[in-house]
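Reviewing the structure listed below.
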Amino acid sequence: MMAKANLYVNLAKGMKMPLLGLGTWKSEPSKLSAAVKAAIDTGYRHIDCAYCYENEETVGDGIQAKTTDGTVKREDLFITSKLFESFHRLGDVESGLKKSLQSLKLDYLDLYLVHWPFGIQNIEGEMCPTGPDGRTLFNDVHFTETWHGMEQLVQKGLVKSIGVSNFNISQIKEIQALPNKVPISNNQIELSPYLVQDDLVSFCKSQGITVTAYSPLGSPDRKDPQDDDPILMDDPKLIDLARKKGKSVAQILIQYHLQQNVACMPKSVTPSRILENFQSLHFTLTDSEVEELKSLNRNNRYCTYDEAFGHPLHPFDPTH
Ligand code: NAP
């Protein structure tokens, strides 16, 4: 077993969040419990989950196995999950959380995020209800209503901190303008050298909001890649830099975020990659190498949620 070496960032309320975590979107349930166990054995203490990944039960199995065998205590772990869009009404927020808690077999979360700024109609038994035209039935619940529900979860001790995901600067400001009782601890957004988003990252940091990078490897296993999407891990400059540093491309991409004090959640169900990704903690890039990586920016987004284009709360609808 390798030496444990975690990096942390301070959250609002003095909590510490491990900067490197295990992503779980698209992780096949048959492999995920073993992946969570391998990750915890390797030294990961942060696991990034969501109700809509439909695999929190198996994440919970992995966590339970590692707390039962004494490898870790619950309080050693930092578990993040996300409120699904159909639970955005004030009266639905707690039931959304409870579904995740039950699947994860936990009685609290360390961080709970509003997954997207817009909501979907809550229809019993249907995760993503669709209308006669086959399109998802979104609703007009405003995220400021949802945020009040999130604050109540903290007050009830069901979650330790709250934040948002996929929110743009003006949407964050709308929450900040509320008579808030609980600060926004985190904004989880897509980030990579192909989508640098310096304005959003700097704004969040200036407000004491930590930033988490999702799809840091370019999400090569996402379901609907477009033919003209560039493949991040095939970028020749990245490959050159990795060769020069004697590291893998994935390790370069992960360390790129950690070094900027941005948390990073690479997903893998492959134990050798889970270890390889964790070893990103063991080297550094120079400032000029980070700048060189930033110069690859092409504002390319892999996760567009284009089904919701046209919704007034879509955070990056190009037609707005
Ligand atoms: P990603 O982490 O960018 O890429 C995952 C893919 O890379 C998988 O196919 C994985 O394969 C492969 N991989 C992992 N390590 C590798 C390595 N060392 N070398 C080569 N390939 C490697 O994709 P992502 O799942 O889109 O993003 C990561 C996490 O961010 C998600 O799982 C989720 O937790 C979070 N996320 C959040 C949002 C949001 O809206 N908040 C959206 C997207 C993602 P194997 O698994 O087969 O090893």
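Identify, from the list Val269, Val262, the residue that is farther than 20 Å from Phe167 by Cβ and either surrounded by fewer than 21 Cβ atoms within 10 Å (Cβ to Cβ) or modelled with pLDDT of 95 or more (or both).
Val269
Just to be sure I understand the filter: pairs with C-beta atoms under 7 Å, separated by 6 or more residues or on different chains, first member in segment 49-64 and touching a residue at least 24 places away in the same chain (Cβ under 8 Å), second member of a type in the set (Phe, Trp, Tyr) and surrounded by 22 or more Cβ atoms within 10 Å (Cβ to Cβ). Which pairs pass?
Tyr51/Phe84; Cys52/Phe84
Of all the residues that make up segment 254-271, how many are near the ligand (Cβ under 8 Å from one of its atoms) and either of a type outside the set (Ser, Thr, Tyr) or in a helix (DSSP H, G or I) (or both)?
Final tally of qualifying residues: 4.
How about segment 283-299: which of its residues are in a helix (DSSP H, G or I) and among the polar types (S, T, N, Q)?
Ser288
Looking only at residues in segment 235-253 that are over 18 Å from Leu191 (Cβ atoms) and away from the ligand (no atom under 11 Å from the Cβ), which one is nearest to the chain's Cα centre (by Cα)?
Ile239
Looking at Val249, Val290, which one is touching a helix residue (DSSP H, G or I) at 6+ places or on another chain (Cβ under 7 Å), within 17 Å of Leu19 (Cβ to Cβ) and among the aliphatic types (A, V, I, L, M)?
Val290
Within segment 286-304, does at least one residue satisfy the condition of being touching a strand residue (DSSP E or B) at 6+ places or on another chain (Cβ under 8 Å), within 14 Å of the ligand (Cβ to nearest atom) and of a type in the set (Val, Ile, Thr)?
The answer is no, given that none of the residues of segment 286-304 is touching a strand residue (DSSP E or B) at 6+ places or on another chain (Cβ under 8 Å), within 14 Å of the ligand (Cβ to nearest atom) and of a type in the set (Val, Ile, Thr).
If I ask for residues that are farther than 15 Å from Ile79 by Cα and under 17 Å from the mean Cα position of the chain (by Cα), which ones from segment 13-31 would you list?
Hits for segment 13-31 are Lys26, Ser27.
The values are calculated or read from the model by the stated rules, or taken from the named source; none is laboratory data. It should be emphasised that the depicted structure is a prediction, and the values quoted were computed from it without experimental measurement. All Cβ positions, even for glycine, are placed from backbone atoms using ideal geometry, and neighbour counts span all protein chains on display.
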